[in-house]
1. Quick check on this structure: which one of 33, 29, 14 is aliphatic (A, V, I, L, M), modelled with pLDDT of 95 or more and part of a loop (DSSP other than H, G, I, E, B)?
2. Would you be able to tell me the number of residues in the range 113-169 that are among the basic types (Lys, Arg), touching a strand residue (DSSP E or B) at 6+ places or on another chain (Cβ under 6 Å) and part of a loop (DSSP other than H, G, I, E, B)?
3. With more than 15 Å from residue 132 (Cα to Cα), surrounded by fewer than 20 Cβ atoms within 10 Å (Cβ to Cβ) and under 15 Å from the mean Cα position of the chain (by Cα) as the only criterion, which of 97, 102 stands out?
4. Does residue 50 satisfy the condition of being in a helix (DSSP H, G or I), at pLDDT below 95 and closer than 28 Å to residue 200 by Cβ?
5. Please indicate, with yes or no, whether at least one residue in the range 31-45 is under 22 Å from residue 127 (Cα atoms) and touching a Cys at 6+ places or on another chain (Cβ under 7 Å).
6. Tell me, which residue of the range 59-90 that is under 15 Å from the mean Cα position of the chain (by Cα) and assigned to a loop (DSSP other than H, G, I, E, B) is surrounded by the fewest Cβ atoms within 10 Å (Cβ to Cβ)?
7. Please state which of the following conditions residue 123 fails to meet, knowing it meets all the rest: (1) over 15 Å from residue 17 (Cα atoms); (2) surrounded by fewer than 20 Cβ atoms within 10 Å (Cβ to Cβ); (3) under 13 Å from the mean Cα position of the chain (by Cα).
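The values are calculated or read from the model by the stated rules, or taken from the named source; none is laboratory data. Just so it is clear, the model here is predicted, and its values are computed rather than measured. As a convention, Cβ positions derive from the backbone with ideal geometry for all residues, glycine included, and neighbour counts pool all protein chains shown.
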Amino acid sequence: MSPSSTSPHRLFTIGHSNQEMSDLLGVLIRHEIHMVCDVRSRPGSFRFPQFNREPLMAQLATAKIIYQFFGDQFGGRPLDSQYYRSDGLVDYAARRKAPDFKEAMDRLLGAALSQNVVLMCAEEDPLHCHRFLLICPALVQRGIVPLHLRKGAAMEPQRDAEDRLLQLHGFADVTSNSLFSQGRAAALEDALRLQSELYGFRSSPEAIEYF
């Protein structure tokens with residue numbers, strides 16, 4: 001069963017970007033978030049050290065928000081070389097089939113049954129982030145429709161984010177406002193692949209040999 005069909009709790013995503021910690025906490029409190037799932041492969045930020053793992057955990061604790069690290073399973077920079085293409089680009093489609101990814105998805109959805117949960121990464125725009133390119137397709141496949149918390153108190157539903165992606169890559173004919181939405185699933189798969197080429201993590205082919 002999915003959280004959407006068994007409880008009123010919701011699953012969100014957010015990118016901390018360059019905002020102040022107080023602003024992030026304000027958004028989380030306003031949406032009654034009970035758990036932050038950190039999906040960064042490396043839970044730190046040189047430019048914004050307030051979002052390094054330890055200070056982030058401490059600030060969340062003061063707001064009585066649980067912190068859980070999911071970066072090993074959900075991170076955009078997998079450690080296993082089998083999840084990279086020969087040109088060094090991470091293969092998100094293959095990563096979604098990984099046993100540890102599926103196990104983490106079960107844990108995530110189990111937590112979301114009893115509380116509001118947010119997936120947190122760094123990029124403000126979900127279209128620029130692996131949380132949208134890697135994790136959200138797996139959520140949608142399980143019947144979960146995530147909501148993306150954006151700057152300025154905006155909230156973007158998954159469907160709207162998908163429509164933006166489709167328009168961006170020339171598939172406006174299958175967006176929600178189109179009279180003919182047949183072929184949306186195939187077009188979305190293509191758009192995700194094209195977006196991953198632009199924003200997916202890329203290692204050098206030589207480095208992959210030494211993973």
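1. Working: 29 fails: part of a loop (DSSP other than H, G, I, E, B); 14 fails: part of a loop (DSSP other than H, G, I, E, B).
Going through 33, 29, 14 in turn, just one is aliphatic (A, V, I, L, M), modelled with pLDDT of 95 or more and part of a loop (DSSP other than H, G, I, E, B): 33.
2. Summing the residues that are among the basic types (Lys, Arg), touching a strand residue (DSSP E or B) at 6+ places or on another chain (Cβ under 6 Å) and part of a loop (DSSP other than H, G, I, E, B) in the range 113-169 gives 1.
3. Among 97, 102, only 102 is more than 15 Å from residue 132 (Cα to Cα), surrounded by fewer than 20 Cβ atoms within 10 Å (Cβ to Cβ) and under 15 Å from the mean Cα position of the chain (by Cα).
4. Details: in a helix (DSSP H, G or I): yes; at pLDDT below 95: yes; closer than 28 Å to residue 200 by Cβ: yes.
So residue 50 passes the test.
5. So far as the range 31-45 goes, yes, one or more of its residues are under 22 Å from residue 127 (Cα atoms) and touching a Cys at 6+ places or on another chain (Cβ under 7 Å).
6. 77
7. Going through (1) over 15 Å from residue 17 (Cα atoms); (2) surrounded by fewer than 20 Cβ atoms within 10 Å (Cβ to Cβ); (3) under 13 Å from the mean Cα position of the chain (by Cα) one by one, residue 123 breaks only (1).
The rows are residues; the columns are (1) at pLDDT 95 or above; (2) of a type in the set (A, V, I, L, M); (3) under 15 Å from the mean Cα position of the chain (by Cα).
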position	(1), (2), (3)
156	yes, no, yes
170	yes, no, no
180	no, no, no
183	no, no, no
187	yes, yes, no
193	yes, no, no
